[in-house]
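Participant: Pasting a structure here, questions to come.
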Amino acid sequence: MYWQPPLWKKKHNTPFQISSAIDNGTLPRPIGIRSCSLFTARSTLQDGAVIAALRGRTGTLAALNLIPTVLFALRNNPLITLLQVSYDDFNLFHRWCARVTILEALVHTVSWMTFLNIHRITVIGALVGLYLHLERHGLPQIPWMHLIVVFWAGEWIIRLFMIWYYGFKLSRKSAIKVEAMPGEAVRVTIDLVRPWHSRPGCHVHLWVPGMSQLTSHPFSVAWAPPASPTSKEMTLPTLEGQVLAPNAPAKANQISLICRARTGLTRKMYERAANSPNETFSTFGFIEGPYGGHHSLDSYGTVLLFAGGVGITHQVMYLKHLIAGFHRSTTATQKLVLIWTVPDAESLEWVRPWMDEILRMPGRKQVLRVKLFITRPKAPLHNNSETVKMFAGRPKTATLIEEECRTRVGAMAVTVCGSGPFADDVRAAVRPVLTEGSVDFIEEAFTY
């Protein structure tokens with residue numbers, strides 16, 4: 001499913017926008033088009049399409065379609081775990097279900113102008129209005145509303161339990177340290193009150209009441225309890241090719257995130273940290289999760305990890321896991337390549353302490369190669385290692401994939417996490433090599 005061509009040219013993960021401030025989601029893959037078209041046809045093409053029946057049919061379908069609309073929007077949707085389908089895909093289905101539901105509700109409203117509260121702005125208002133409508137007329141769709149309430153209430157119970165379990169004890173609550181980083185980013189370190197077990201590729205929702213009120217925001221888990229360093233082979237290159245002493249490992253109950261300053265919470269955190277002593281401040285906050293992380297790369301002999309900018313946070317935990325698996329012979333990993341594109345060399349500081357630990361792991365030199373592409377270098381780049389190299393400019397994605405495919409060992413996985421255009425470029429470059437053997441493509445994108 002992940003390697004299928006996009007609907008139009010190579011544009012899949014690049015959002016199509018109504019304006020510079022408003023985007024309307026992404027274009028689905030063909031399988032998504034078929035699923036959404038089937039859903040739309042099932043929802044609209046009914047027998048007996050006459051005006052007398054139109055009112056009742058569209059109203060019934062609007063109420064029924066709220067069930068998948070709400071279910072597909074939940075972070076704790078049980079189908080994600082059961083089907084091993086990403087939230088990104090379910091969110092796409094959620095959007096299209098919602099569009100069809102709104103269309104059906106509008107047709108129902110036009111046919112029957114006494115439909116209650118269909119134009120409520122908030123979701124809660126719309127659900128309350130629909131429930132009152134069904135109850136007033138004694139319609140048989142009321143149990144569907146009960147099911148929606150069960151879904152929604154269950155979701156909130158799970159989320160509140162996560163916040164309480166990892167965030168509160170009698171004597172303390174979870175604490176957050178925010179450090180300003182180069183490139184208008186922050187490193188967020190969360191001290192949890194209970195041990196938290198992450199998995200490669202997972203993400204959490206961060207809630208900082210003092211800065212984001214009642215809203216939470218999703219971020220990839222860049223680092224969880226790391227292994228103790230066992231050697232001092234090398235460290236990640238610094239700005240001009242020097243080396244930096246490795247940092248101490250994080251505590252067992254810590255997780256770390258990297259957040260690029262955009263708008264809202266991330267901008268507030270960066271500006272507050274940048275204006276604080278030592279460019280660091282502490283506050284309290286909570287997490288929900290882990291979510292995602294369903295893709296296992298253990299069975300692939302060759303793994304290519306593409307990261308664009310802050311997308312490196314999705315790939316770092318995979319590096320650690322696969323190198324450890326190679327050393328212990330618990331995974332099929334024989335060749336591991338990280339290709340990371342950043343605007344400037346200062347951005348390497350985002351993950352330096354964790355990459356330093358990875359580069360000191362036993363067996364790392366035998367399996368891992370790192371290619372760093374600096375799109376706007378401020379000084380000449382120096383390479384002092386055969387396994388970690390820096391290049392000026394943007395990567396030639398198709399050439400890199402073709403080269404790695406020719407020398408691959410066993411099945412190959414190509415994963416990407418980055419901006420929409422970056423992910424679309426990698427997708428387009430992977431498609432020509434799909435006939436060269438067992439090649440899988442996996443992308444990570446947050447479409448909240």
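The values are calculated or read from the model by the stated rules, or taken from the named source; none is laboratory data. This one's a predicted model, so the numbers in the text were calculated from it and none came from an experiment. Reconstructed Cβ throughout: ideal geometry from the backbone, glycine too, with neighbour counts over all protein chains shown.
Participant: Picking from A411, A392, which residue would you name as being modelled with pLDDT of 90 or more, surrounded by fewer than 17 Cβ atoms within 10 Å (Cβ to Cβ) and touching a Pro at 6+ places or on another chain (Cβ under 6 Å)?
Facilitator: Checking each option against the conditions leaves just A392.
Participant: Now for a different question. Answer with yes or no whether I339 is under 16 Å from L304 (Cβ atoms) and crowded, with 16+ Cβ neighbours inside 10 Å.
Facilitator: Against the criterion (under 16 Å from L304 (Cβ atoms) and crowded, with 16+ Cβ neighbours inside 10 Å), I339 qualifies.
Participant: Within the range 164-190, take every residue that is crowded, with 18+ Cβ neighbours inside 10 Å and under 15 Å from I287 (Cβ atoms) and give me the one that is nearest to the chain's Cα centre (by Cα).
Facilitator: Out of the qualifying residues, it is V188.
Participant: Applying the selection to the range 406-448, what residues are touching a Lys or Arg at 6+ places or on another chain (Cβ under 9 Å), under 22 Å from L368 (Cβ atoms) and basic (K, R)?
Facilitator: The answer is R408, and nothing else.
Participant: For W223, work out the one condition from (1) out of contact with any Phe, Trp or Tyr (no Cβ under 6 Å at 6 or more places or on another chain); (2) within 29 Å of K389 (Cβ to Cβ); (3) at pLDDT 90 or above it doesn't fulfil.
Facilitator: (1)
Participant: For the range 177-223, which fully contained strands (runs of 3 or more DSSP E) count at least 2 residues that are closer than 17 Å to I158 by Cα and not β-branched (V, I, T)?
Facilitator: Where strands (runs of 3 or more DSSP E) fall fully within the range 177-223 and carry at least 2 residues being closer than 17 Å to I158 by Cα and not β-branched (V, I, T), they are 202-207, 217-220.
Participant: Can you spot a residue in the range 407-415 that is in a loop (DSSP other than H, G, I, E, B) and charged (D, E, K, R)?
Facilitator: yes
Conditions tested, residue by residue: (1) in the same structural domain as A398 (by TED's automatic domain parsing); (2) in contact with a helix residue (DSSP H, G or I) (Cβ under 6 Å, 6 or more places away or on another chain); (3) more than 21 Å from Q213 (Cβ to Cβ).
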| site | (1), (2), (3) |
| --- | --- |
| R272 | no, no, no |
| F281 | no, yes, no |
| F286 | no, yes, no |
| G308 | yes, yes, yes |
| G311 | yes, no, yes |
| L319 | yes, yes, yes |
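Participant: Identify, please: which residue in the range 138-152 is modelled with pLDDT under 90 and exposed (fewer than 12 other Cβ atoms within 10 Å of the Cβ) and is, among those, nearest to P290 (Cα to Cα)?
Facilitator: If we take residues in the range 138-152 being modelled with pLDDT under 90 and exposed (fewer than 12 other Cβ atoms within 10 Å of the Cβ), then P140 is nearest to P290 (Cα to Cα).
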